[in-house]
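One structure is given here, and the rest of the page talks about it.
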Amino acid sequence: KQFVDAMTQYLLVTSIEPNFVEFRNGFMSVCDSEMVKSMHPEELELLVCGNPELNFHELRGSTRYDGYDENDDTIKMFWEVVEEFTTAQQKTFLKFCTGSDRVPIRGLKDLNFVVGKNGDEGALLPTAHTCFNHLLLPMYKSKDVLKQKLLLAIENCTGFGLI
């Protein structure tokens, strides 16, 4: 028991203490300590990690369109594809479009997401302006092509070509 207690203390406290002190100092330099002290652990987790709920119906309801209408066939196919994605694919999609796979504290409805038309050429891949939460989506003629192109784009982007 003494060995297990000592090993647990070392692994969970002592070995990470220098890194944690730096993290705490940086965090407290941004967040007022009185505010942090008044929060419940769950609230602090939401602040740091974001909302864990991926509600794409909320995102769809708050999305604005540039060059498309919500009733366009490409947009209907787009939402069908995104809503059929696995959770991992949806997080990858969010990262592709916004630069982060995290959901705002109040949900995806607060994302200010825009889907813009990027030409009538179905051979192009979707692109994104992550700083503006703006997806540039070419017009695709079939759901299968849209899904293939969107998955190709979100699964193979590395950000400015750097790894």
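The values are calculated or read from the model by the stated rules, or taken from the named source; none is laboratory data. Everything numeric here is computed off the predicted structure, so don't read it as measured data. Note: ideal-geometry Cβ built from the backbone for every residue, glycine included; neighbour counts use all protein chains shown. The area values use the complete protein model at the heavy-atom level, side chains included, leaving out ligands, DNA and RNA. Shrake-Rupley method; radii C 1.70, N 1.55, O 1.52, S 1.80 Å.
Descriptive notes on the structure:
- For the residues 55, 118, the requirement of being over 14 Å from the mean Cα position of the chain (by Cα), closer than 27 Å to residue 141 by Cα and open to solvent by 20 Å² or more (accessible area, probe 1.4 Å) singles out 118.
- Pairs linking a residue in the stretch 60-74 that is under 16 Å from residue 112 (Cβ atoms) to a residue that is open to solvent by 90 Å² or more (accessible area, probe 1.4 Å), with Cβ atoms under 7 Å and 6 or more positions apart or on different chains, are 61/109; 62/109.
Listed here are the residues, each with its yes/no results for (1) closer than 20 Å to residue 145 by Cβ; (2) surrounded by 14 or more Cβ atoms within 10 Å (Cβ to Cβ); (3) modelled with pLDDT under 95; (4) not charged (D, E, K, R).
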site: 33; (1), (2), (3), (4): no, no, yes, yes
site: 42; (1), (2), (3), (4): no, no, yes, no
site: 45; (1), (2), (3), (4): no, no, yes, no
site: 51; (1), (2), (3), (4): no, yes, yes, yes
site: 63; (1), (2), (3), (4): no, yes, no, yes
site: 76; (1), (2), (3), (4): yes, no, no, no
site: 85; (1), (2), (3), (4): yes, yes, no, yes
site: 93; (1), (2), (3), (4): yes, yes, no, yes
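- Residue 80 fulfils the conditions (1) of a type outside the set (Val, Ile, Thr); (2) open to solvent by 60 Å² or more (accessible area, probe 1.4 Å); (3) at pLDDT below 95 except for a single criterion, (3).
- Filtering the stretch 22-44 to residues that are over 18 Å from residue 105 (Cα atoms) and aliphatic (A, V, I, L, M) leaves only 28.
- The stretch 142-163, residues that are at pLDDT 95 or above and open to solvent by 100 Å² or more (accessible area, probe 1.4 Å): 144, 148
- Checking residue 72 against (1) under 29 Å from residue 158 (Cβ atoms); (2) surrounded by fewer than 17 Cβ atoms within 10 Å (Cβ to Cβ), the condition it does not meet: (1)
- Boolean, residue 106 is under 14 Å from the mean Cα position of the chain (by Cα) and open to solvent by 40 Å² or more (accessible area, probe 1.4 Å): yes
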